[in-house]
Amino acid sequence: MESDSETHSGEDTTPDDWMELADDSPDATPAASPAAAQKPSEKKDFKLSLITWNVEGINGEQLPERARGLVKYLNLYNPDVVFLQELIPPYVQFLKKRFVSYLMIEGAEEGYFTGMLMKKSRVTFVESEIVPYRTTKMMRNLLVAQVIVDGQKLCLMTSHLESGKAYSKERMNQLHVVKWRFKRAPDDVTVVFGGDTNLRDAEVTKVGLPATVCDVWERLGKQEHCRYTWDTTTNTNKTLPFVARCRFDRIYLRPAIRRGVPRLAPDHMALVGLEKLDCGRYTSDHWGIYCTFSAE
């Protein structure tokens, strides 16, 4: 988000608040999820579903209720992989209790950080690493996981790039690190990056992504209803002295390029979290992105 570097205040949520929520029945995934709506013949093909979402964990207002909202969406969409940004330790413990059928890895242990949820029944975890951004002023890094899904090797990456107009240079430095990881990946590995990038299009142009990497939103036709993931004209979680509509949250894909290895391609994207919760707030000040991929 645009102004999170000024809002790193402690949450007003006590551990008891989180534990009370976490004691609810865990991991009750509805059968009528988008992922479950496939025809039997389609289930034989390679599919991957993903959600990336900055969950605004550093804002303590109505946080347990908003965390419950996240659970509702994850149960509805039942994704194979979830990329999360702006987690805090109590939020992580809450999610681990609610989603026992997922493996969770985190980009740090204190402050605020990124994380990944991976469905154990579909995603075989191999290893992970945290790649530091040497000059970050906001505790940012790149979280990387090597996994196998249906026999295919995937490299999953998430990050929360430096926030604010004043930090454009640092943000582009961080994008260079992501770019290097795309280029370094073996040619039989599919690489998927998603997160709150805070990027402006001009910054991406200056850095220049490899020709093998696509911006998933652009690849799917630049659909207008999926353009803005941080939209203060609609989302009222933040009270700001300006209006902004930005495509901060992005997903990038580099399919495996070795001959004989299935090439993954995006086939659907939608924004999630657009409904206001009963507490009067949205799940986050960002919309989440739900995306599905299949083998070409």
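The values are calculated or read from the model by the stated rules, or taken from the named source; none is laboratory data. Predicted model only: the values in this text are computed from it and were never measured. Using ideal geometry, Cβ is built from the backbone for each residue, glycine included, and neighbour counts are taken over all protein chains shown. What goes into the accessible areas is simple: the full protein's heavy atoms, side chains included, and nothing from ligands, DNA or RNA. Shrake-Rupley method; radii C 1.70, N 1.55, O 1.52, S 1.80 Å.
I need every pair where a residue in segment 262-276 that is over 12 Å from H286 (Cα atoms) has its Cβ under 7 Å from the Cβ of a residue that is charged (D, E, K, R), sequence separation at least 6 or different chains.
R263/E296; A265/E296; P266/R219
Looking at (1) outside any strand (DSSP E or B); (2) surrounded by 19 or more Cβ atoms within 10 Å (Cβ to Cβ), which is the only condition M116 fails?
(1)
Of everything in segment 55-83 that's of a type in the set (A, V, I, L, M) and touching a residue at least 40 places away in the same chain (Cβ under 8 Å), which residue is most open to solvent (accessible area, probe 1.4 Å)?
Once the filter is applied, the top-ranked residue is L76.
Consider only pairs whose beta carbons are under 8 Å apart and that are at least six residues apart or on different chains; among these, list those whose first residue lies in segment 174-189 and is acidic (D, E) and whose second residue is in a helix (DSSP H, G or I).
none
So is T124 farther than 17 Å from T197 by Cβ and outside any helix (DSSP H, G or I) or not?
yes
Just one of the numbered conditions (1) open to solvent by 10 Å² or more (accessible area, probe 1.4 Å); (2) under 19 Å from the mean Cα position of the chain (by Cα); (3) closer than 30 Å to S121 by Cβ is not true of F193; which one?
(1)
Please find, within segment 124-170, the residue that is surrounded by the fewest Cβ atoms within 10 Å (Cβ to Cβ) out of those that are small (G, A, S) and free of Cβ contacts under 8 Å to residues at least 24 places away in the same chain.
So, considering only residues that are small (G, A, S) and free of Cβ contacts under 8 Å to residues at least 24 places away in the same chain, the one surrounded by the fewest Cβ atoms within 10 Å (Cβ to Cβ) is G151.
Can you find a residue that is of a type in the set (D, E) and open to solvent by 60 Å² or more (accessible area, probe 1.4 Å) anywhere in segment 206-229?
yes
Read through the list (1) open to solvent by less than 80 Å² (accessible area, probe 1.4 Å); (2) under 20 Å from G151 (Cβ atoms); (3) out of contact with any Cys (no Cβ under 7 Å at 6 or more places or on another chain), then give the number of the only condition that R250 fails.
R250 satisfies all of (1) open to solvent by less than 80 Å² (accessible area, probe 1.4 Å); (2) under 20 Å from G151 (Cβ atoms); (3) out of contact with any Cys (no Cβ under 7 Å at 6 or more places or on another chain) except (2).
Among the residues of segment 24-54, how many are modelled with pLDDT of 80 or more, open to solvent by 50 Å² or more (accessible area, probe 1.4 Å) and assigned to a loop (DSSP other than H, G, I, E, B)?
Final tally of qualifying residues: 1.
Can you tell me which residue is surrounded by the most Cβ atoms within 10 Å (Cβ to Cβ) among those in segment 253-274 that are in a loop (DSSP other than H, G, I, E, B) and among the charged types (D, E, K, R)?
The extreme case among them is R263.
When L277 is evaluated against the numbered criteria (1) farther than 16 Å from L220 by Cβ; (2) buried (at least 17 other Cβ atoms within 10 Å of the Cβ); (3) touching a Lys or Arg at 6+ places or on another chain (Cβ under 8 Å), which criterion, by number, is the only one it fails?
Just one mismatch for L277, condition (2).
Kindly provide the set of residues from segment 89-106 that are of a type in the set (V, I, T) and either in a strand (DSSP E or B) or open to solvent by 20 Å² or more (accessible area, probe 1.4 Å) (or both), ordered by number.
If the condition is that a residue be of a type in the set (V, I, T) and either in a strand (DSSP E or B) or open to solvent by 20 Å² or more (accessible area, probe 1.4 Å) (or both), then V100, I105 are the ones that fit.
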